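Scroll down for the structure; my scribbles are underneath it.
Computed from the coordinates by the stated procedures, all read-outs in this text should not be read as laboratory data. A quick note: this is a predicted structure, and the numbers were derived from the prediction, not measured. Cβ placement follows ideal geometry from the backbone for every residue including glycine, while neighbour counts extend to all protein chains displayed.
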Amino acid sequence: MNRAMGIDYGSVRICTAVSDELRMLAHPLETIPAGKDAIHRIVALANEKQVDAIVVGVPKNMSGESGAAAEHANEFIAKLRSRVTCKVVAWDERLTTVAANRALQDAGKKTRETRGYVDQVAAQMILQGFLDQEQLRREILESDE
């Protein structure tokens, strides 16, 4: 089974995570400065890590509606889909940054110390949510057989 990649898209930085080969666990990978070379680097990482799915977080409002940040993420997804051969999935990432901040605080990190890590943890959480859903689907399919 190939790996999957998770992306926390931002206008300043794009953080990535990658799964293990069994697609059980997500691990932070790399922080990429947002800009014209970002997609090129993501494509290179996807090829290097042999991923067959890229999961991009889309920050919807709590009401479920798309705001400006979600529109930017969707534009990024469209560009990415035109550059890769693997599946690109839009993933609802509501509250992942809040959860990432809480996880880092629970680990004893101070808010000032977490600025560089919070988006990496958010990318990891986006991907882990996708992996967990995949695993649940596999278990349901196996139980139906």
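Just a few scattered comments:
- Of the peptides 68-78, 8-18, 34-44, the ranking by mean beta-carbon count within 10 Å, highest at the top, reads 8-18, 68-78, 34-44.
- Cut-off under 5 Å, modelled amide H: who pairs with Trp91 long-range: Val56, Gly57, Val58
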